[in-house]
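Asker: Structure incoming, see below.
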Amino acid sequence: MSEPVEGPPLVTCPHCGSVVPVGDFCGHCGAHLAAGSKRRTDSFAASPTEHVAHLSIVTTLFPHLPHRRGAPFRIGLIVGGAVVLFLAALHLFAPATAAAVLVLPVLYLIYLYEVEVYEEEPWTVLGATMVAGALLGFVSAYAFGGSLADRLMTGDRGGAFLLAVIVIPIVDQALMLAGPMLLYRFRPQFREPLDGLIFGAASALGLTLSRTLTQLWPLLTQPLVGNGSEIDWAIRLTRAGLLVMLINACTTATIASAIWSRRFDRRRTGRPWYSRVPAALAVGFGVQLLLALLAFVVQDQVLDFGILVVAALVLLLFVRLVIHDALLIEGAEHEIGPDSICPECHRIVPAMAFCPACGAARSAAPKVRSKLAGTV
């Protein structure tokens with residue numbers, strides 16, 4: 001007669017009441033058992049070695065990347081920025097512009113390929129997010145760009161204000177959400193809050209890329225070596241290629257993640273205000289309107305640049321709060337699975353919603369790793 005196989009030592013989580021494997025973190029709700037912290041703000045659910053209030057483009061907008069695999073993307077951002085500055089210093093403003101607006105979208109495409117967030121439908125996801133965003137961005141730039149320029153040239157400040165400060169920000173933010181909402185409606189298999197975040201960010205990057213290239217197309221057709229101040233161009237290109245893209249990606253990702261969380265979360269009360277759909281809509285559209293107003297009023301380039309820097313940093317922190325809460329949402333199941341390798345800390349632990357050893361959310365692991373979670 002064979003002896004029964006012993007499972008891992010168990011403990012009852014004081015926060016969710018689930019019986020889970022002994023460890024520093026609850027495998028069901030992700031609470032920090034060792035510290036007695038349910039919100040665990042000192043340990044970001046997608047990257048537990050970082051605080052929630054930690055400024056990082058990669059671990060915020062690329063949440064499926066394990067910490068060890070994030071280095072190439074950080075290097076890519078740094079090298080891309082250095083290339084833009086180098087080209088601007090040589091007065092190669094057209095190539096510098098192209099490089100500036102391509103860095104983040106190209107890195108995001110590589111990220112989508114690396115983590116296989118699209119599962120079995122890569123062309124559907126890419127088409128509904130980046131490609132659709134790019135097409136809608138071209139339509140927006142074509143529809144409003146000439147009209148806005150005409151009003152500014154003729155001194156029609158009222159009409160220009162209406163277009164630049166109200167119509168364009170609202171329409172563009174709505175267009176950035178169009179592709180993700182199609183996936184939300186017709187592809188229910190993409191059900192996790194991080195899916196919404198990634199689809200929103202990808203769509204925003206596609207639209208911003210297309211809109212920026214359309215607006216700057218006359219510059220790209222100019223002679224290779226241009227005239228102007230290297231510092232002015234460096235500020236202008238950093239604004240268009242990094243700050244505006246980050247802001248658009250953050251606002252759209254916040255709204256999409258909140259919408260996805262509403263469908264995924266079983267709770268009806270107790271969710272933080274910042275992760276609810278009304279708050280996400282208010283933040284997303286409100287930030288776009290406020291920044292458009294300031295850009296219209298502020299004529300100083302350095303001050304405008306500083307405002308966008310502050311906005312991008314604050315939004316990155318806000319998105320991390322939304323992601324953290326989304327990952328701490330209790331799923332419908334919390335069975336203790338077979339032993340598997342945690343993609344984050346690489347320890348062999350029972351497969352659950354969270355790694356009992358490091359607290360990393362299983363849903364933040366690359367999709368290809370998640371499929372193999374049952375093997376060692």
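The values are calculated or read from the model by the stated rules, or taken from the named source; none is laboratory data. Remember, it's a predicted structure, so these values are computed and weren't measured experimentally. Using ideal geometry, Cβ is built from the backbone for each residue, glycine included, and neighbour counts are taken over all protein chains shown. Just the protein is used for accessible areas: all its heavy atoms, side chains included, with ligands, DNA and RNA removed. Shrake-Rupley method; radii C 1.70, N 1.55, O 1.52, S 1.80 Å.
Asker: Quick one: in region 102-160, of everything that is aromatic (Phe, Trp, Tyr) and in a helix (DSSP H, G or I), which residue is farthest from residue 241 (Cα to Cα)?
Answerer: Within region 102-160, the match that is farthest from residue 241 (Cα to Cα) is 123.
Asker: Separate question: Identify, from the list 246, 219, 224, the residue that is in a loop (DSSP other than H, G, I, E, B) and not acidic (Asp, Glu).
Answerer: Of 246, 219, 224, the one residue that is in a loop (DSSP other than H, G, I, E, B) and not acidic (Asp, Glu) is 224.
Asker: Within the set of pairs 6 or more residues apart or between chains, which connect a residue that is closer than 18 Å to residue 149 by Cα inside region 207-224 to a residue that is of a type in the set (Val, Ile, Thr) and open to solvent by less than 90 Å² (accessible area, probe 1.4 Å) with Cβ atoms less than 7 Å apart?
Answerer: Every condition considered, the pairs that remain are 212/101; 213/101; 216/97; 219/97.
Asker: Consider residue 76 carefully, then state whether it is open to solvent by less than 60 Å² (accessible area, probe 1.4 Å), more than 23 Å from the chain's Cα centre (by Cα) and in contact (Cβ under 8 Å) with a residue 24 or more places away in the chain.
Answerer: Answer is no for this residue.
Asker: Tally the residues that are surrounded by fewer than 16 Cβ atoms within 10 Å (Cβ to Cβ) and touching a residue at least 24 places away in the same chain (Cβ under 8 Å), restricting the search to region 306-316.
Answerer: Residues that pass the stated criteria total 2.
Asker: Please tell me if residue 92 is farther than 30 Å from residue 354 by Cβ, at pLDDT below 90 and either in contact with a strand residue (DSSP E or B) (Cβ under 9 Å, 6 or more places away or on another chain) or open to solvent by less than 40 Å² (accessible area, probe 1.4 Å) (or both).
Answerer: Judged against the criteria, residue 92 is a match.
Asker: Another question about this same structure. Can you tell me which residues in region 204-250 are of a type in the set (Gly, Ala, Ser), open to solvent by less than 30 Å² (accessible area, probe 1.4 Å) and either over 10 Å from the mean Cα position of the chain (by Cα) or farther than 24 Å from residue 138 by Cβ (or both)?
Answerer: 206, 210, 226, 234, 240, 241
Asker: Out of 21, 9, which single residue is modelled with pLDDT under 90 and farther than 26 Å from residue 257 by Cβ?
Answerer: Checking each option against the conditions leaves just 9.
Asker: Do the conditions hold for residue 275, that is, is it hydroxyl-bearing (Ser, Thr, Tyr) and either at pLDDT below 85 or loosely packed, with under 15 Cβ neighbours inside 10 Å (or both)?
Answerer: Against the criterion (hydroxyl-bearing (Ser, Thr, Tyr) and either at pLDDT below 85 or loosely packed, with under 15 Cβ neighbours inside 10 Å (or both)), residue 275 qualifies.
Asker: Does region 129-163 hold any residues that are small (Gly, Ala, Ser), open to solvent by 20 Å² or more (accessible area, probe 1.4 Å) and closer than 30 Å to residue 109 by Cα, and which are they?
Answerer: 132, 134, 143, 145 - these are the residues of region 129-163 that are small (Gly, Ala, Ser), open to solvent by 20 Å² or more (accessible area, probe 1.4 Å) and closer than 30 Å to residue 109 by Cα.
Asker: Return only the number of the condition from (1) closer than 18 Å to residue 198 by Cβ; (2) in contact with a helix residue (DSSP H, G or I) (Cβ under 7 Å, 6 or more places away or on another chain); (3) at pLDDT 90 or above that residue 56 does not satisfy.
Answerer: (2)
Asker: Separate question: Out of everything in region 103-128 that is surrounded by fewer than 16 Cβ atoms within 10 Å (Cβ to Cβ) and among the acidic types (Asp, Glu), what residue ends up being modelled with the lowest pLDDT?
Answerer: So the residue we want is 120.
Asker: Here are some conditions: (1) of a type in the set (S, T, N, Q); (2) closer than 29 Å to residue 22 by Cα; (3) at pLDDT 90 or above. Residue 370 meets all but one. Which one does it not meet?
Answerer: For residue 370, the exception is condition (3).
Asker: Looking at region 329-342 only, could you name the residues that are modelled with pLDDT of 85 or more and either open to solvent by less than 70 Å² (accessible area, probe 1.4 Å) or within 13 Å of the chain's Cα centre (by Cα) (or both)?
Answerer: The answer is 340, 342.
Asker: Just one of (1) within 24 Å of the chain's Cα centre (by Cα); (2) farther than 22 Å from residue 243 by Cβ trips up residue 169, so point out which.
Answerer: It fails just one condition, (2).
Asker: So if I check each of 289, 321, 281, 293, which one is at pLDDT below 95 and either surrounded by fewer than 19 Cβ atoms within 10 Å (Cβ to Cβ) or not in a helix (DSSP H, G or I) (or both)?
Answerer: Sole residue among the options that is at pLDDT below 95 and either surrounded by fewer than 19 Cβ atoms within 10 Å (Cβ to Cβ) or not in a helix (DSSP H, G or I) (or both): 321.
Asker: Continuing with this model, one more query. Using the structure shown, decide if residue 11 is assigned to a strand (DSSP E or B), open to solvent by less than 70 Å² (accessible area, probe 1.4 Å), within 24 Å of residue 63 (Cβ to Cβ) and among the aliphatic types (A, V, I, L, M).
Answerer: Criteria not met by residue 11.
Asker: Can you tell me which residues in region 23-45 are in contact with a Pro (Cβ under 9 Å, 6 or more places away or on another chain) and either assigned to a strand (DSSP E or B) or under 19 Å from residue 8 (Cβ atoms) (or both)?
Answerer: 23, 24, 25, 26, 27, 31, 33
Asker: Kindly indicate whether residue 185 is modelled with pLDDT under 95, assigned to a loop (DSSP other than H, G, I, E, B), surrounded by fewer than 16 Cβ atoms within 10 Å (Cβ to Cβ) and at negative phi.
Answerer: In short, no.
Asker: Which condition number in (1) farther than 20 Å from residue 184 by Cα; (2) at pLDDT below 95 is the one that residue 208 fails?
Answerer: Failed condition: (2).
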